Every structure is written in C-alpha cells, then in structure tokens.
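Structure, as structure tokens:
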Amino acid sequence: MDAIAESLSPLQKAKLHQVADLMLEIYQTLARMRYLEAEWIQRPPQHDLSALLPLFTSLALDPRVIYLYSILPYLSLNHPRGSFSSEFDFFGGAAFADFRHEADVRAARESFDPSGDDPGCELRPWITPLAGKGMYHRTLVYDAKRHVMAIFCDQDGGNMDPNLDSVTEWGEEEEWEEEEEEEDEEEEGDEEEEEENDDDDDEDEDEVEQENYWDEMGARPAGNVLRDIIRWYHELVEIPGGDHGGWEWSEEIVKPLYRKHGWPGENFDGDAFLVDQACAVTAAAVRDSAKEMLRRLKSQKDQLEEHEKDKASTTSQRALDEEWEAERRTRELKHWVRLAEVDWRRTCRKPEDLPLWELEDAQRKLGWEKDRLESSKQQEEVGEEWIRYAEKRVATHEKAYAACLANAERLCPGRPPLSLDPGTETGGPSFAGAIECYTEGLEFAEQEVAYARDWIAQLPESEGAEKARKLAQDHIDKCEEDVVDNRNRMELCIKEMERRKGGG
C-alpha cells in the first residue's frame, strides 16, 4: 500500500482525502440523526488493504481508486442476519459499501448495464461507485481523474443530481469557477508535479479508444456534491432510510419529529426523537391496520359481487365442468368474505378504543425488541456493538410503551388494557387469531368435501360429465389435504399457546 500512496502527488491525495472526509461527515450526520450508531463508523488514518492488492491488480484499478478505498470510512457491525445492508440504507437507498471486502470490490466493477452486453457502460479504472449499485436507487459515482461526482440512477434514466444544469449537464458555471479557485490555491508550488500528472492522464486517454458512457457523464465537482448531500440532510430534503430502513424511517413519520426535537441544531434531542418515532410508528400501524382490514373486506365483497354478475350475465347453458367451476368459485369467495368479516370483528378499531390498541401494539413491539435482544445474545457471530444497539432499542421501546400507557390512562380512564395474546406479546402472530383462521379453514374444507361428493353423486353417467367428475374429485383430494393441514396447524397453535401461558 505504501507504493500506491507514493505514486500519487500531494494534490491527488488532497482531492481523495476531501472525498473521504466528506463521506465521513455524511456518516457522522446519519449518526447524529440517530439512524446509525457513532461507534459503528470506522475511519483510521488508513485501512490496510494489502491482502486485496492482487485483486486490485487483476481488476486493473487506478491507484487513485485503490488509495481512496484505503481512506474511506466504513461501518463495522456484526449483524444478526450477516449483512448490514439488510436493515440499513445509505444515501438514495443504496447499500453501504465496504471496500475492505472482496465481494464489495467486485460488485463495484460490475457494469451498470443489467444485461452486461454494453461494453460502453463498463466503469473506467479511475471511476468507482461509493455505495452499492442497483437499478432502483441512487448511487454516488466518483471520477478520480477529473475529481467529479454523479448521482446516478439507472431506472430513472441516468443522473439524478438536482443541481445539474438542465442544458449543459455539468452544473452551474459559478461552482466550477469556485472549485478551480480552490485548486489554484492548492497547486501553488506544485506546478511541475501536476504537469507530470497531466501527462500521465494523457497517457491514460491514449490507451482508451472505445467510447464510454462514463467519459462524459453529467457530474459536478465531487466536494460540492458531497457538501450538498450533507446540507440536504440538515434541511430534511433527504431523510435517512430506504428500502431496508423500514417504515419507521418513512418521511411522514420522521420529518415532523426531527423538526419537533430541534434538528439540525446542537440541542437536537435524539433520545426523545427515537421515543416519539416509536410512538408514531405504533399509532400509524394501528390506523393503517384498520384501513387495511376494511380494504380487504371490501375487496373480497367486490370480487364476490363481480363473480355473481358474470354468472348471471351468462345466458347460454353452461357445460357441467363450467357449472362446477362457477359454483366452486362462488363458495370460495363467500368463504374469503367470512374470514375477512371474522378478522374485522375480532380486531375492529373503534375510535374511542384507539389508545388501547396503540398500547397493545407498543407492548407487542417491546416484546419483539426484547426477543431480538435475547436471540442476538445467543448468536456467537453477533458483535458487542450490535448487542449494545439492541439494548438501546429495548430502552427506547420501554419509554414508548410508558408513553402509550399514560396516553391510554388519560383518554380511556378506568378501562383496562387490552389482553395481549401469548403470541403477540413477543412480537409474533396472534395465536388466537391463527386458531380461529385454521378452524374456519378446517370447517370450510370439510364442507367442500361433503358438497363435492354429493355433487358427483347426482352427475349423469355420460361422456360430458367425465371432465366435471374429475374436477370435483381433484377438489375433494385437495380439500382432504387441507383438512389434515389445518387440523395439524391448529393443534400446534393450541399447544404452543398453552405452553406460553404456562411460562414454558
């Protein structure tokens, strides 16, 4: 690694350190916003990447990119599911990259062209993404030769930098002038060395003959792009999270809470923000659960109504197999309507009961966090930093539960909390709800077997009835399997519920 560093001029290294320093500031901003834990961020003076030098050579990486990889900040966290990116997202929804690992280095060299058929989309040796690539999120792409950066999204047609000039695709002229002035100051006393580096760049260009998308990618000075991202987080133009960040990091949840608790000021109360965030997620979950159950019930009724209309509109006489299929579908849809009605009655959210339902949901989420903490402690590969994070999550949800309890006591005086199912108290599914569902499924399957047998018995012995007879018999076979399956699942649920009630 020393030879790599010695091959670069002071000015080249200064530019790369600017990128690394601003990337670190982005990570630290996400930690201040309580999305990351500060202790996860690792930024020593230089990471030792000596073991990866053969890989870098085989990939023909530019020394500037290799050096940048050695000074970037990375996140160190032994996650229970093995992958940090399974729960956290970088800017734009991209995955956090760690170029200390071979897999991330190789992934960074993959073409942005999903088919891999267009050589013009391959990255130049001096160009690298700074986060995981993908079609559906934004990725920072850095050109170490020109010291420029693009915010790229393949799905949305390329560069997604809102500050790029719509005509030139190269940003505002003023910011390029500012960047050049900064570079002029840095270059004083180093002109001869920079001329040598320019000659090297010319040699690079002579070696490149094939046209490449990235040679003319819309970009701005790298420092400006990274400083803008930091500013966007400060101004809440950007919110932490993404596809893996979970609902709790959605804009509608966290944006008003950041403002409430003083972001981005020095007095931002991160602990209070996290408690309010947990309470807001609980309230939204209860509200949206009620909406979803009503939507599901309406959808099932609409499907049944549409099916009945289609049946009634058929004026010509149907064949026996068509008659069987139409009636089978009617019975099936009526069954799904009954299940939706049962679910709605069991968990119907009356407006006056909402504080109690929020308390129930807060207790369920607290149980889930406690269960995850205990599970993590039993996994040898899980690091202490994750255990500490899980302990903080439990403490946050304990405070959220206390806040929901106080709210329920204030708005529903004298009313006891809703009894928590033994399954949901650890964040799992409701045993009572599952047993009710399996019971309904068992009864329906038994009724279908009896109905199909009676229907077969009344069929005439004719060639036209054979197809209908086979359809009905296949349905009997399937329903008999459903009877066994629902009975077994119901018995397992009952045993597990009794075990948990007994503290087993």
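The values are calculated or read from the model by the stated rules, or taken from the named source; none is laboratory data. Because the structure is a prediction, the values reported are computed rather than measured. Positions of Cβ are backbone-derived with ideal geometry, glycine not excepted, and every protein chain shown enters the neighbour counts.
Listed values, structure above:
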read-out	value
All positions within segment 347-378 that are over 14 Å from Val275 (Cα atoms), surrounded by 14 or more Cβ atoms within 10 Å (Cβ to Cβ) and among the polar types (S, T, N, Q)	Thr347, Ser376
Helices (runs of 4 or more DSSP H) contained in segment 1-113 and holding at least 2 residues within 21 Å of the chain's Cα centre (by Cα) and over 16 Å from Lys133 (Cα atoms)	10-32
In segment 196-213, residue nearest to Gly265 (Cα to Cα) [restricted to those that are at pLDDT 60 or above and loosely packed, with under 11 Cβ neighbours inside 10 Å]	Glu211
Residue in segment 270-280 that is surrounded by 18 or more Cβ atoms within 10 Å (Cβ to Cβ), not hydrophobic (A, V, I, L, M, F, W, C) and not assigned by TED's automatic domain parsing to the domain that holds Lys392 present	no
Some residue of segment 307-317 being among the aliphatic types (A, V, I, L, M), outside any loop (DSSP other than H, G, I, E, B) and surrounded by 14 or more Cβ atoms within 10 Å (Cβ to Cβ)	no
The listed residue being at pLDDT below 95 and among the hydrophobic types (A, V, I, L, M, F, W, C), out of Ala285, Ala280, Ala222	Ala285
Conditions (1) surrounded by 15 or more Cβ atoms within 10 Å (Cβ to Cβ); (2) modelled with pLDDT of 65 or more; (3) within 20 Å of Pro129 (Cβ to Cβ); number of the one not met by Glu216	(1)
Selected residue [surrounded by fewer than 19 Cβ atoms within 10 Å (Cβ to Cβ), farther than 19 Å from Glu327 by Cβ, assigned by TED's automatic domain parsing to the domain that holds Lys495 and not aliphatic (A, V, I, L, M)] from Glu440, Glu446	Glu440
Filtered residue count, segment 453-485, keeping only those that are in contact (Cβ under 8 Å) with a residue 40 or more places away in the chain and over 45 Å from the mean Cα position of the chain (by Cα)	6
